[in-house]
Amino acid sequence: MLNIINWPRVRAEKFHNFLPEEIRSYLKGRGIPATIIERHLLGWNGERITIPVFGPKRQVLGFRYAKSPTDISDTPEVISDPKLDAQLYGAEMLARKPYRVVICDGEFNRLVLEANDFTAVTSTAGADVFLEEWAPYFEAVKHVYVCFNRDRVGEIAAKKVQSILPRARIVMLPACALDVTDFFVFQEKTRLDFEILLASASSDENDPSDTPPTVREFRPLLKSIRQRAEGLRKGVKLHDIVEQYATLQARGQRLVAHCPFHDDRELSFSVYPATNTYACSGCGAKGDVVQFLMDKESMTFSQALDALERFEFTYEIYGTG
Ligand SMILES: [Zn+2]
């Protein structure tokens, strides 16, 4: 007997096997590498790029069809199966209870985020359609972010999501980036850049651990050295330095990591972009960008200043790079 339940999946695989090389390289050029194409069974139906929409149990619910790069008609960029009602593209990822998720706008943007290791979902019916019945999917997710296109429509849509998921934090893309793909692919921003955006996302909740530590700065007597130190404390971003030693991720308005000063199984180490300072709740280390290098690289104060000045040009800390 023909197994009817399986057939959308079979169709997805058939389309996937048809994906021409030039469409693969087009997708790669817009930040969707081969691993993501395979994982999400992107395909080709002879006219459009096929995007299977999976349900929470990874069953194929239907398809979205994205315009071919050679199609110059004024048809919509992405169209839906007539049979496919509004779905949450990425619902199968939420079933795994990730600790955080980014709600974005558009299937390709979601895949670009995933290519950069951010779990993401999107509505298949546009940013302005977000159903209340999706709220339970997010219950087990600790941190929910909304990152829509930087325009009026995106702004209103993000507020709408927040009215359904009040703890969702709204992430603002920088002025140079229209959307997530633009941010990562055309503006060549990094994963860390996006973590910093997440950490500066607006929030209604007042998390006391978001408060930066009080750091006592070493102030040299000589005015010229003092001015050099002050310039570097402002000019060099601590997260760029720490990223050389540990992987940072947004948590509230901080960036957290395994502490580079002690054997840390938790994420005890926090960087506060607002003040350019750090603190560890495990070993008690805290300080600014100069202190970090003095402690981590056993540098003297003036060696640390030299290293920071070089870092501004080379993005390397000597002794490590
Ligand atoms: Zn520590």
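Only the coordinates and a few stated rules stand behind these numbers; no lab work does. Worth saying up front: this structure is predicted, and the values here are computed from it rather than measured. Here the Cβ positions follow ideal geometry from the backbone for every residue, glycine too, while neighbour counts run over all protein chains shown.
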Under 5 Å between amide H atoms, partner at least 5 residues away or on a different chain: which partners does residue 247 have, H built in plane at 1.01 Å? 258
Arrange the peptides 252-264, 46-58, 214-226 so that the one whose residues have, on average, the most other Cβ atoms within 10 Å appears first. 252-264, 46-58, 214-226
Under the Karplus curve 6.51 cos²θ - 1.76 cosθ + 1.60, θ = phi - 60°, whole-Hz ³J(HN,Hα) for the range 49-64, x wherever Gly or Pro sits: 7, 8, 10, x, 9, 8, x, x, 9, 6, 7, 7, 8, x, 10, 10
Extent along principal axes [Cα atoms of the range 227-267; Å; largest to smallest]: 38, 23, 12
Given 10 Å bins starting at zero, what is the percent of C-alpha pairs of the chain in each, up to the one with the largest pair distance? 5, 23, 28, 21, 14, 7, 2, 0, 0
With just the Cα atoms defining each centre, how far is the range 187-260 from the range 289-312? Give it in Å. 15
Classify the range 21-60: rounded, prolate or oblate, from the alpha-carbon gyration tensor (a ≥ b ≥ c, eigenvalue square roots; a/c under 1.5 rounded; otherwise prolate if a/b is larger than b/c)? oblate
Percent RCO, i.e. relative contact order, over the chain, from Cα pairs under 8 Å lying at least 6 residues apart: 10
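Which of the peptides 78-89, 278-289 is most tightly packed, and how do the rest follow, going by the mean number of other Cβ atoms within 10 Å of each residue?
Working: 78-89: 15.8, 278-289: 19.3.
Packing proxy ranking, top to bottom: 278-289, 78-89.
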Could you tell me whether the range 218-314 comes out rounded, prolate or oblate from its Cα gyration tensor? Rule is a ≥ b ≥ c as square roots of the eigenvalues, rounded for a/c under 1.5, then prolate if a/b exceeds b/c, otherwise oblate. prolate
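Work out the FRET efficiency for residue 225 and residue 152 from their Cβ-Cβ distance, taking R0 = 35 Å, and round it to the nearest 0.05. Write out the running numbers ahead of the final one.
Details: r = 49 Å, r/R0 = 1.40.
The computed FRET efficiency comes out at 0.10.
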Spin-label point model (7 Å from Cα, Cβ direction): what's the residue 301 to residue 210 distance in nm? 3.5
In terms of modelled amide H atoms, which long-range or inter-chain residues lie less than 5 Å from the amide H of residue 44? 16, 18, 19, 50
Here the percent of antiparallel bridges among DSSP beta bridges lying wholly in the chain, to the nearest 5, is 70
Between residue 313 and residue 190, with labels modelled 7 Å along Cα→Cβ, what's the label distance in nm to one decimal, could you check? 2.0
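For residue 96 and residue 128 in one chain, what is 0.36 nm times their gap in residues minus the Cα-Cα distance, to one decimal in nm?
Gain on extension, residue 96 to residue 128, equals 9.0 nm.
Quote the charge dipole size of the chain about the Cα centre in Debye, to the nearest 20; the model charges only the Cβ of Lys and Arg (+1) and of Asp and Glu (-1).
On the way: 40 positive and 44 negative charges, 80 e Å.
Using only the charged Cβ atoms, the result is roughly 380 debye.
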Spelling out what I want: for every residue of the range 86-91, take phi, set θ = phi - 60°, compute 6.51 cos²θ - 1.76 cosθ + 1.60 (Karplus), and round to whole Hz; glycine and proline get x. 3, 10, 9, 6, x, 4
With springs only between Cα atoms under 10 Å apart, run a GNM on the chain and tell me which of 29, 62, 106 wobbles the most. 29
Whole-Hz ³J(HN,Hα) for each residue in the range 154-164, computed from phi via Karplus 6.51 cos²θ - 1.76 cosθ + 1.60 with θ = phi - 60°, x for glycine and proline: what do you get? x, 5, 5, 4, 5, 4, 5, 4, 4, 6, 8
Given the DSSP H assignment, sum -39500 (n - 2.57) over each helix run of at least 4 residues in the chain and divide by its residue total; what's the result at 222 nm in deg cm²/dmol, nearest 500? -9000 deg cm²/dmol
Calculate how large, on average over all directions, the projected area of the Cα convex hull of the range 96-212 is; give the answer in nm² to one decimal. 7.3
Pairs of alpha-carbon atoms within less than 8 angstrom and 6+ residues apart define the contacts here; what relative contact order does the range 1-101 have, in percent? 22
Full extension from residue 67 to residue 81: what is 0.36 nm times the residue separation minus their Cα-Cα distance, to one decimal in nm? 3.7 nm
